[in-house]
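The next block holds one structure in the form of structure tokens; read it before the comments.
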Ligand SMILES: Cc1ncc(COP(=O)(O)O)c(C=O)c1O
């Protein structure tokens, strides 16, 4: 880092990303590669959370809490701008799972109606549908998932093939957590329009990672979590529902503050008393990520992921389960080491080398999962791969 900077470093320079990294309280020596699960919050998010928590508990009166009405609406507006939606189309939820389940349980469907999911959907958009199907006689069809995808067309075709006149909804994962396939969101949006099918997009692995536009994706609903790539507070999330679809969704939870006249997607966030300070932290999260800018976040993620994939793929014993093509993938990198038990390597990486990651212990997605983000350095992409190389 230069001692006397003449101009602010731009997002094209390593100096800039060193400054970004300093905004996170990650432990020294820890190479944190698990963004797909939970990200650390930035200091601005933590500071605002702490500030509002103290203020709340110093004076929990109704009067002191009035400020949260303003914060909530400000947050809604910022989330809407971030996702290219209208404020009335945004519900502030607790996570992706809740958003998905609001859709699963909120839409009128009848016996024989068909729902398309994929074999790699997260349980919140798979088991949830299977439970509803059992209750109401729906038919859930699962598109097989290639590992890795050879092309966007292959992924598109796997969904299109399952459409029949009885299809009512498809729940697609934008980028899968299992092996990091990126589904062609916009093309699937056109497909859904053509057949008049509800299109739910699971954005757990793209909200805060990609510069998502729900309009460009053409989805009817989109759910994300603040505690993943967005780097916000735990147990916060967003659910977008397209304006023309809102009237078709029944609320799953109805309690105090409910009213039939609640405007837009607000009727899906009536959960009883909420953790108000968390909403203030969530707002700081939008400010922080928008200060970098989503196009810059996405471009940096591509750089980090490409470097790490190139490094890993150069190790002969490594079998990549994620496509090396950025257009077919996202922040998730899944790989296996030939001749080594996944769980052993997973444990050794953390306990001996301070590399935090995720694993799938068995099945077709078995392997080690690295998911870097903007608080990681390029150097860490080299160090992590060098450690793997030593272990094989
Ligand atoms: C694709 C996908 N969908 C949904 C979820 C659920 O996220 P949350 O636990 O934040 O609700 C996850 C979590 O890893 C995920 O990867």
query = By DSSP, what percent of the beta bridges with both residues in the chain are antiparallel, rounded to the nearest 5?
reply = 50
Where labels lie 7 Å past Cα in the beta-carbon direction, separation of residue 38 and residue 243 in nm = 3.8
task = Report the label-to-label distance for residue 190 and residue 66 in nanometres (one decimal), using points 7 Å from each Cα along the Cα→Cβ vector.
result = 5.2
key: Förster radius 41 Å - calculated FRET efficiency between residue 58 and residue 111, Cβ distance, rounded to 0.05   = 0.15
query = With N residues in region 50-290, what two-decimal value do you get for its Cα radius of gyration over 2.2 N^0.38 Å?
reply = 1.02
request  = Please find, in a Gaussian network model of the chain (springs between Cα atoms separated by less than 10 Å), the residue of 148, 123, 60 whose mean-square fluctuation is greatest.
outcome  = 60
request  = Please work out the C-alpha center-to-center distance from region 247-263 to region 207-224 and express it in whole Å.
outcome  = 23
Extended-chain gain in nm, criterion 0.36 nm per residue less alpha-carbon gap, residue 256 and residue 30 = 76.9 nm
note = With only helices counted (DSSP H, runs n ≥ 4, each -39500 (n - 2.57)), the per-residue ellipticity at 222 nm for the chain, to the nearest 500, works out to -12000 deg cm²/dmol
inquiry  = If you average the C-alpha positions of region 309-326 and of region 340-392 separately, how far apart do those two centres end up, in angstrom?
reply    = 13
inquiry  = If I stretch the segment between residue 161 and residue 327 completely, what's the gain in nm (0.36 nm per residue apart, minus their alpha carbon distance), one decimal?
reply    = 57.5 nm
Contour excess over end-to-end distance, with Cα ends at residue 263 and residue 387 and 0.36 nm allotted per residue = 39.3 nm
ask   = What is the mean projected area of the alpha carbon convex hull for region 247-392, to one decimal in square nanometres?
value = 12.8
request  = Choose one answer from 104, 20, 131: the residue with the largest mean-square fluctuation in a GNM of the chain with alpha-carbon springs under 10 Å.
outcome  = 131
inquiry  = Whole angstrom only: what separates the Cα centroid of region 17-72 from the Cα centroid of region 264-291?
reply    = 12
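Read-outs throughout are calculated quantities, based only on the coordinates presented, and are distinct from any laboratory measurement. Note that this is a predicted model, so its numbers are computed, not measured. All Cβ positions, even for glycine, are placed from backbone atoms using ideal geometry, and neighbour counts span all protein chains on display.
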